[in-house]
1. So, residue 53, is that one charged (D, E, K, R), within 30 Å of residue 87 (Cα to Cα) and either surrounded by 10 or more Cβ atoms within 10 Å (Cβ to Cβ) or touching a Gly at 6+ places or on another chain (Cβ under 8 Å) (or both) or not?
2. Any residue in segment 7-34 that's within 23 Å of residue 48 (Cβ to Cβ) and free of Cβ contacts under 8 Å to residues at least 40 places away in the same chain: show its pairings with residues that are surrounded by fewer than 10 Cβ atoms within 10 Å (Cβ to Cβ) and not β-branched (Val, Ile, Thr) at Cβ separation under 8 Å, as long as the two are six or more apart or on different chains.
3. Among the listed residues 15, 36, which satisfies the condition of being within 30 Å of residue 67 (Cβ to Cβ) and surrounded by fewer than 10 Cβ atoms within 10 Å (Cβ to Cβ)?
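FYI, it's all coordinate maths here, none of it is from the lab. These numbers come from a predicted model, not from an experiment. Note that we place each Cβ from the backbone using ideal geometry, even for glycine, and neighbour counts take in every protein chain shown.
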Amino acid sequence: MEYRALMKQFLDAQLSLTLHARNDVIFPCREGLKFLGCVIYPNKRILKKRVWKRVLKRIASNNIASYSGLVRAHCDKEKMRHFDWHVLNILNE
């Protein structure tokens, strides 16, 4: 609670910002920050399972580049390989 008060004071005095009443939460970094379909950790980012399934379901030949950028930015090498094979299967159909 001390840090919250210090943070609130700093944001108000230095940046002229206020905290949102509902979104004012503090949690450990190891839990990750959930934001726009991915979980952000201090050293990596991971797509949520729902978003990963949605990518595989909605990919088509006209939007491969968009989904490829999303996967490459947020997934590990194993999922990238899985995605590449999935794309090859779609292109061969």
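1. yes
2. From residues that are within 23 Å of residue 48 (Cβ to Cβ) and free of Cβ contacts under 8 Å to residues at least 40 places away in the same chain, the pairs are 26/3; 29/42.
3. Step by step, each of 15, 36 is checked, and only 36 is within 30 Å of residue 67 (Cβ to Cβ) and surrounded by fewer than 10 Cβ atoms within 10 Å (Cβ to Cβ).
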